[in-house]
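The values are calculated or read from the model by the stated rules, or taken from the named source; none is laboratory data. The structure presented is a predicted model; accordingly, all values stated were derived computationally and were not measured. We place every Cβ from the backbone using ideal geometry, glycine too, and count neighbours over all the protein chains shown. Heavy atoms of the whole protein, side chains included, go into the accessibility calculation; ligands, DNA and RNA do not. Shrake-Rupley method; radii C 1.70, N 1.55, O 1.52, S 1.80 Å.
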Amino acid sequence: MAMTMTQKILASHAGLESVSAGQLVLVNVDRVLGNDITSPVAIKEFDKIGIKEVYDKDKVTMVMDHFVPNKDIKAAVQCKMCRDFCDEKNITHFYDVGQMGIEHALLPEKGLVIPGDVVIGADSHTCTYGAIGAFSTGVGSTDMACGMATGKAWFKVPSAIKFILKGKLNKYVSGKDVILHIIGMIGVDGALYKSMEFCGEGVRSLTVYDRLTISNMAIEAGAKNGIFEVDEQTLRYVKERSDREPVIYTADPDAEYDEVIEIDLSTVKSTVAFPHLPENTKTFDEIGDVKIDQVVIGSCTNGHYKDLAEAAEILKGRKVAKRVRAIIIPATQDIYLKAMENGLLKIFIEAGCIVSTPTCGPCLGGYMGILAAGERAVATTNRNFVGRMGDVKSEVYLASPAVAAASAIAGKIADPAKITDLQEAEL
């Protein structure tokens, strides 16, 4: 039976020769992930199961990233529960203050996920790891608990949409623009419980970080997962970080897809998702004068070094507009250190930005950048629902690091391609 990439991975991990869309399968998982918000619920459910040890102390991972360093007493209690559990169970991969990062940037960086893996995580953006050829998806905390106990998870095998990428992105256009373009095209339910599978010669022109961003936001189209074909760039990235041998799965030529969509990357423009859904996208020929109060460059979507470097290129020698708060959040400690060593932090601070420790923070309206009623933010985060970053009467505009940086300078949503045209009065 012909299968897609995702179907082949699930079949292998279920010990079956083949699977088909809609089939229920019990699969062995290679990694179980939780954070400081979702893990405490999973820990309570794990305790109810009545076993003393996790299925594999090396394959359970907890990352303290949402409200860390702890923002209040409740956050401290949540993290303490995770620390105590991981100490008791001798969990190898527990990441806390000083070593943590935003989970979906940290796991690939640490080499904890490689091509062919199955990863479940009690966070909806666990689908990020499809960028390197893994099947990864978000689950509830109860499923996380069962995964920690048994090393297994039930899935209904998803059908798939095939995205054939061609061409190459233009300057100031990145993976964030690609995924916003796609979500604007198919809608927030356009890939509901489906696998978004990316292939074609255009994939080679996308960095691994572009792919991580695209896979991360597959969930914003309703997808079960996003996944890219593995190429030499993927293998180089993985080899630098892991000693494990990757397993490469390619879709059969006659695999069945619900839909096949071709995208010429050279035609993708800088794209902004207006409130209050990621599908509400506009390009700069449709955007008027939208003044802003805050810019956030970071998150599991766009906190990679590549993202910071793109923002720094635009911010260098310029100043953040008056009354605009610009917040830069490197996604991991290693990214923070590299940005410091290469002078990016100096550029940000001289421009009038602040630089935060790695944290999810403002993305989910947690801390480090909450919005008041009537305020607007341009953010490189992945969601812009009502009240996502603060008051229900605030607004979040999703954009790439380049657009966010240009907007910080202009004091309004601005096209990075026209950054040199900004008047002195706007600086």
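Placing dummy labels 7 Å off each Cα toward the beta-carbon, the span from D84 to M1 is 4.7 nm. A 1.4 Å probe over all protein chains sorts D96, D58 by accessible area into D58, D96, starting with the largest. Per-residue surface analysis assigns C353 an accessible area of about 10 Å², computed on protein heavy atoms at 1.4 Å probe radius. The Cα atoms of the stretch 157-239 give a gyration tensor whose axes a ≥ b ≥ c have a/c of 1.5 or more with a/b no greater than b/c, which makes the shape oblate. Protection proxy ranking, highest mean first, for peptides 232-239, 205-212: 205-212, 232-239, where packing is the per-residue count of other beta-carbon atoms within 10 Å, averaged. Between D289 and A373, what FRET efficiency comes out of the Förster formula 1/(1 + (r/R0)^6) with R0 = 25 Å and r the beta carbon distance, rounded to 0.05? The pair A373/D289 has a calculated efficiency of 0.75.
With contacts taken as Cα pairs under 8 Å and at least 6 residues apart, the stretch 189-266 reaches a relative contact order of 34 percent. Within the accessible area of the stretch 220-317, the carbon and sulfur atoms contribute 44%, probe 1.4 Å, all protein chains present. Among the lysines of the stretch 144-194, pairs at least eight places apart or on separate chains and with Cα atoms under 18 Å apart come to 4.
Paramagnetic label reach from R323 (point 7 Å along Cα→Cβ; backbone nitrogen cut-off under 14 Å): within the stretch 335-374, residues 374.
Across the stretch 132-203, Cα pairs under 8 Å and at least six residues apart give a relative contact order of 45 percent. Of the residues I248, I413, ranked by 1.4 Å probe accessible area with the largest first, the sequence reads I248, I413. For the stretch 234-281, a/c is not less than 1.5, where a ≥ b ≥ c are the root eigenvalues of the C-alpha gyration tensor, and a/b does not top b/c. That puts it in the oblate class.
Assuming charge only on the beta carbon of Lys and Arg (+1) and of Asp and Glu (-1), the dipole of the stretch 297-427 about its Cα centre is about 240 debye to the nearest 20. Dipole check for the chain: with +1 at the C-beta of Lys and Arg, -1 at the C-beta of Asp and Glu, and the Cα centre as origin, the magnitude is about 920 Debye. Each Lys and Arg adds +1 at its Cβ and each Asp and Glu adds -1 at its Cβ; summed about the Cα centre, the stretch 1-141 shows a dipole of about 140 debye. With a threshold of 28 Å on the Cα-Cα distance, the over-threshold entries among K80/K110; K306/K393; K52/K74 are K306/K393.
Peptide packing: for 180-186, 48-54, the average count of neighbouring Cβ atoms within 10 Å per residue gives the ranking 180-186, 48-54, highest mean first. Here the sum of -39500 (n - 2.57) over DSSP H runs of 4 or more residues, divided by the residues of the chain, equals -8500 deg cm²/dmol at 222 nm, to the nearest 500. Inter-label distance, V97 to D391: 3.1 nm, where each label sits 7 Å from its Cα along the C-beta direction.
Between E201 and L16, how high is the FRET efficiency from 1/(1 + (r/R0)^6) when r is the Cβ-Cβ distance and R₀ = 45 Å? Nearest 0.05. Step by step, r from the Cβ atoms, then E = 0.90.
Note that the stretch 33-133 presents 36 Å² accessible area per residue, ligands and nucleic acids not counted, probe 1.4 Å. Relative to a virtual label point 7 Å from the Cα of T357 in the Cα→beta-carbon direction, which members of the stretch 71-87 show backbone nitrogen distances below 18 Å? Within reach of a label on T357: 71-84. Heavy-atom accessible area, probed at 1.4 angstrom with all protein chains present, ranks R323, R244, R318 as R323, R244, R318, highest first. Think of the stretch 206-362 as having a plus end and a minus end, set by charges on the Cβ of Lys, Arg, Asp and Glu; of L345, L277, P358, L345 sits farthest toward the positive end of this dipole. Taking each residue as 0.36 nm, the span from R241 to A76 lengthens on full extension beyond its C-alpha to C-alpha distance by 56.3 nm. Using the alpha-carbon positions of the chain, Rg (one decimal) and Dmax (whole number) come out as 20.7, 66 Å. With the cut-off at under 14 Å, measuring from each backbone N in the stretch 270-285 to a point 7 Å along the Cα-to-Cβ line of V188 picks out 273-281.
Relative contact order of the stretch 71-195: what whole-number percent is it, with Cα pairs under 8 angstrom and at least 6 residues apart? Across the stretch 71-195, relative contact order equals 14 percent.
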